[in-house]
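Peer 1: First, the structure itself, so that you have it in front of you.
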Amino acid sequence: MKHILVVFTGGTIGSSASDGTIKPSESAPFKLLGEFQWRFPEAAKDIAFESIEPIRMLSENLAPAAWPIIIEAIEAKQPERYDGVIVTHGTDTLAYTAAALSFYFHGLKVPLLMVSSDYPLDHPKANGLDNFHCAVDFIREIKDPGVFVPYRNQGQTLQVHRGARLASSPQLSGDFFSVQGQSYLEYDGGRFIGTGMPAFERQAELPKLKPLFSDRILMIRPYPGLDYAHFSLDGVDAVLHDLYHSGTACSTLQWGDNHSLLAFIKRCRQQGVKLYLAPARQSPDAYESTRCLLDAGAEMIWNLSIEAAYVKLALAYGNFQEGQDIAAFLAVDMAGEHVH
């Protein structure tokens, strides 16, 4: 008999549609477990589920303050007493919560899987039940520790992603991919198939973390004409500046100081605010614009997705005060988040 803790948090998988509106439903968690036991009786017969529901919300309404609520609810149940943990979650902020749980539970010795659905469970195209089935089979058969996200894109084979490498859905899409398109495993016909991703080996033991995520991180996304004069640095401890796909952002003063990241970096330094850049792969060659930004005092968070970089920064600034401690925390590969 396998014992699985199921943590319901809402989202589409925990919602129902009525009168043209999708919203969280009190009965949806029970529907998920009931549908699984009815549709997959062989898979369910040796599984004992225990469930909790620390929050119930659509994930677009989530803030970093929700992550400690989920974490503390899991910790209160002593997760290593179970064979595995399944957390249901909405898709809009799935990549961020997957990163948060990956970093905080980096030392967990049992698998924790996050399960979502692209449609409410009553919808004929919904993938939530298949994703849940895969999570149960992962706990039963694979048993690897860490945080993972099983997800079936429409018309594709179900993939199991590392939580710290999951990217948000592309625009106008409900699909999910790992950064660089490499998932951890495929799941097809009830069988897990390796993808060639090497096993993650933790680099070092890390200090015990508190479930504290700073809400003083400002994230800025680049676009042509971005005007930095619109941003106040009051109450900001650090800025995370997203980059174009080639690891670049505007470094010229040609269009005026307000449109130059170089000038904004200078303003950040004058106000004692650290500015970080992501995502970018570390390599011997970089664009001139990137070199200019680094020379001006920006700090690159190499080889992480923007979602992982944001969450790791929030956790770092929530747990550490000294700059060297924050830098060391950002540099270590905690949960297989580094892309090489």
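Peer 1: From ILE193, ILE142, ILE220, grab the single residue that is in contact with a strand residue (DSSP E or B) (Cβ under 8 Å, 6 or more places away or on another chain), within 21 Å of MET334 (Cβ to Cβ) and without any contact (Cβ under 8 Å) to a residue 60 or more places away in the chain. Show your work before the answer.
Peer 2: Details: ILE193 fails: within 21 Å of MET334 (Cβ to Cβ); ILE220 fails: within 21 Å of MET334 (Cβ to Cβ).
After applying the criteria, what remains is ILE142.
Peer 1: Please go through the stretch 245-266 and pick out each residue that is surrounded by 16 or more Cβ atoms within 10 Å (Cβ to Cβ) and in a loop (DSSP other than H, G, I, E, B).
Peer 2: GLY247, THR248, ALA249, CYS250, SER251, SER260
Peer 1: How many of the residues making up the stretch 212-237 are over 22 Å from VAL179 (Cβ atoms) and either touching a Leu at 6+ places or on another chain (Cβ under 6 Å) or small (Gly, Ala, Ser) (or both)? It would help to see each step written out before you state the result.
Peer 2: Pass one, the stretch 212-237, residues over 22 Å from VAL179 (Cβ atoms): 212, 214-216, 218, 224-237.
Remaining after also requiring either touching a Leu at 6+ places or on another chain (Cβ under 6 Å) or small (Gly, Ala, Ser) (or both): 214, 225, 229, 232, 235-236.
Matching residues across the stretch 212-237 total 6.
Peer 1: I'm trying to understand the selection: among the residues of the stretch 40-56, which are of a type in the set (S, T, N, Q) and out of contact with any Phe, Trp or Tyr (no Cβ under 9 Å at 6 or more places or on another chain)? Write out each step before concluding.
Peer 2: Step one: of the stretch 40-56, the residues of a type in the set (S, T, N, Q) are 51.
Within the stretch 40-56, none qualify.
Peer 1: Kindly indicate which of TYR244, TYR310, TYR287 is at pLDDT below 95 and not assigned by TED's automatic domain parsing to the domain that holds PHE105. So that I can check it myself, show each step before the final result.
Peer 2: Numbers: TYR244 fails: at pLDDT below 95; TYR310 fails: at pLDDT below 95.
Selected residue: TYR287, the only one of TYR244, TYR310, TYR287 that is at pLDDT below 95 and not assigned by TED's automatic domain parsing to the domain that holds PHE105.
Peer 1: Can you find even one residue in the stretch 220-235 that is at pLDDT below 95 and either in contact with a Ser or Thr (Cβ under 9 Å, 6 or more places away or on another chain) or closer than 22 Å to TYR310 by Cα (or both)?
Peer 2: no
Peer 1: Does SER289 count as within 21 Å of PRO64 (Cβ to Cβ) and either of a type in the set (Gly, Ala, Ser) or surrounded by 17 or more Cβ atoms within 10 Å (Cβ to Cβ) (or both)? Walk me through how you get there before you give the answer.
Peer 2: Working: within 21 Å of PRO64 (Cβ to Cβ): no; either of a type in the set (Gly, Ala, Ser) or surrounded by 17 or more Cβ atoms within 10 Å (Cβ to Cβ) (or both): yes.
No.
Peer 1: So, in the stretch 257-279, how many residues would count as being among the aromatic types (Phe, Trp, Tyr) and more than 26 Å from ALA331 (Cβ to Cβ)?
Peer 2: Of the stretch 257-279, the ones among the aromatic types (Phe, Trp, Tyr) are 264, 276.
Okay, now just the ones that are also more than 26 Å from ALA331 (Cβ to Cβ), so none.
Counting residues in the stretch 257-279 that are among the aromatic types (Phe, Trp, Tyr) and more than 26 Å from ALA331 (Cβ to Cβ) gives 0.
The values are calculated or read from the model by the stated rules, or taken from the named source; none is laboratory data. Just so it is clear, the model here is predicted, and its values are computed rather than measured. Ideal geometry is used to build each Cβ from the backbone, glycine not excepted, and the neighbour counts take in all protein chains shown.
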